[in-house]
Amino acid sequence: MQVATVTSKPLEVSMKVPKKVKGEVVKDKEVTERLKIVGAYPYSEQAQNLYTNLAVMELIAAYMPQEINADFPIPKEFRGLIQKMYLWEGEKSPRIRAPRKELDFSFPKTERGKVAVAYSAGKDSMWNMWWAREKYGGENVLGVHIQGLNKAVAKDELDHALKQKQELGFENFKVIELANSSKLTGHEVMRSRDMCLSAIIAPVAIQFGASQMVTEGFGETKDAYEHFSGVAQNLEYFNGILEDIGVPLQVVWKNRKEMDVVKDLLKNKPDWLTLVNNCFCPKCYKPSNQRYWREVAPTLKLYDSQCGSCVKCRITNIARILHDPLMQKATEEDIKIYLTKTIDWIRRKKDEASDFIEGSFIRDFKRACKKYNVQIPDDIKAIKDK
Ligand SMILES: [Zn+2]
């Protein structure tokens, strides 16, 4: 049986867990993982309590150990949340041993008209920023970027977030620096990610006076296949916990389909999207992808951060082909080449990237093909666009 031992220091949680290879525990081998906030952060007992409890959830989410021994209190509300995550992910409820002690989560009061936006520098956080600024006014909106949550792209994300803050004139912006050794990768990060992220941002948001924190919505999700924190009803449950323990902040989201996010930004903030950081392509492959598109479709200008070939770039570019006035500078021939090559790409990727391809992407891809007289083969026609 896998047993996790979790210890905490101020704003740091470490976990020791037996190593598993192909589902089997390796005798006498342990893995240590750590999540720590470094740099400026509103240090308080309440912030520490919130951080410790959600960081433990994030660390165990990669392993789902059957026994969790912690040297800090885990209140019943968060034990319940951890159990719910296990059940959602098809695991048996773990045994949690931790000191019993009442924890204080009573932060100062917040204001109704102030919000924080979880800001990754991608198109969804740009959309949320646009929406929040329209609704509440720029002075009442705080952008918060967590550096280090996705280690592989941390530096790139931070650079783009700071550039956007500067060039788009966001008045209030904070960066939280996280030292993260979590091995959680790929889609599994969504077991706990949105909740952990919200808890890390909460003290900073509350210090600003925000009563709401805007996070990514669920425009395209198909609940049955989603991990625990990627589902609206589970985030609603999480909001219930925040309310019960007296945290004066709720997580909110707007559901907008991927393609419509790009369309809205092109319509309302056309200069914003040129700075987007949304590419999934590893840095080492990006230059060769960019070179490829410069050769095959030279008038179709990619944004600086785009590789042109990954799923995120395809989404943005198909929306641009439909809605971006700047795309009219591209020749019809180059747009046709991009669409035709995307047909091949969909065929290659439709299983592994079906989450992205089905739904609004394929809907708008078909529209773009019609607009530019590119014949849509039957197998592409058959892909679900709702
Ligand atoms: Zn890309």
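Read-outs: derived from the displayed coordinates by stated rules, not from any lab. As the structure is a computational prediction, the values presented were derived from the model and not from experiment. Cβ atoms come from the backbone with ideal geometry, glycine included; neighbour counts cover every protein chain shown.
Ordered by the count of other Cβ atoms within 10 Å of each Cβ, fewest first, Leu178, Leu11 give Leu11, Leu178.
Across the alpha-carbon atoms of the stretch 138-178, the computed radius of gyration and Dmax are 10.5, 32 angstrom. Using a ≥ b ≥ c from the Cα gyration tensor of the stretch 216-323 (square roots of the eigenvalues), is it rounded, prolate or oblate, where a/c under 1.5 gives rounded and otherwise the larger of a/b and b/c decides, a/b for prolate? Judged from the Cα gyration tensor, the stretch 216-323 comes out prolate (a/c at least 1.5, a/b above b/c). Per residue, the Cα convex hull of the chain amounts to 140 Å³. Put a plus charge on the Cβ of each Lys and Arg, a minus charge on the Cβ of each Asp and Glu, and nothing anywhere else: the dipole of the stretch 224-317 about its Cα centre is then about 680 debye. Computed over the stretch 3-97, the range of Cα coordinates on each principal axis works out to 41, 27, 19 Å, biggest value leading.
Model label points for Asp344 and Glu188, set 7 angstrom from Cα along the Cα-to-Cβ axis, are 3.4 nm apart. The antiparallel fraction among DSSP beta bridges confined to the chain stands at about 40%. Here the sum of -39500 (n - 2.57) over DSSP H runs of 4 or more residues, divided by the residues of the chain, equals -13000 deg cm²/dmol at 222 nm, to the nearest 500. For the chain, the residue among Gln250, Ala98, Cys369 whose Cα projects farthest onto the positive side of the dipole built from Cβ charges is Cys369. Dividing the convex hull volume of the alpha-carbon atoms in the stretch 259-381 by its residue count gives 98 Å³ per residue.
What is the helix-to-structure angle for 76-88, meaning the angle in degrees between its Cα long axis and the longest Cα principal axis of the chain, kept from 0 to 90 and rounded to the nearest 10? Tilt of helix 76-88: around 50 degrees. Expressed as an acute angle from 0 to 90° and rounded to the nearest 10, what is the orientation of the C-alpha long axis of helix 193-208 relative to the principal long axis of the chain? In the chain, helix 193-208 runs at an angle near 80 degrees to the longest axis. In a simple Cβ point-charge model (Lys, Arg +1; Asp, Glu -1; nothing else charged), the stretch 111-252 has a dipole of about 260 debye relative to its Cα centre. Think of the chain as having a plus end and a minus end, set by charges on the Cβ of Lys, Arg, Asp and Glu; of Val311, Phe238, Gln46, Val311 sits farthest toward the positive end of this dipole.
Sparse packing (at most 12 other Cβ atoms within 10 Å of the Cβ) combined with a DSSP loop state is found for none of the chymotrypsin sites (Phe, Trp or Tyr not before Pro) in the stretch 191-255.
Calculated on the alpha-carbon coordinates, the convex hull of the stretch 106-194 measures out at 126 cubic angstrom per residue.
Going through the stretch 133-195, which chymotrypsin sites (Phe, Trp or Tyr not before Pro) have at most 16 other Cβ atoms within 10 Å and a DSSP loop state? Those that pass, being in a loop and sparsely packed, number zero. Each residue in Trp131, Trp293 was given a count of other beta-carbon atoms within 10 angstrom of its own, and listing them fewest first yields Trp131, Trp293. Here the stretch 5-69 is assigned +1 on the Cβ of each Lys and Arg and -1 on the Cβ of each Asp and Glu. Its dipole about the Cα centre then comes out at about 260 debye. If you average the C-alpha positions of the stretch 274-295 and of the stretch 323-359 separately, how far apart do those two centres end up, in angstrom? Using only Cα atoms, the two centres lie 15 Å from each other.
The long axis of helix 258-268 is offset from the longest Cα principal axis of the chain by roughly 70 degrees.
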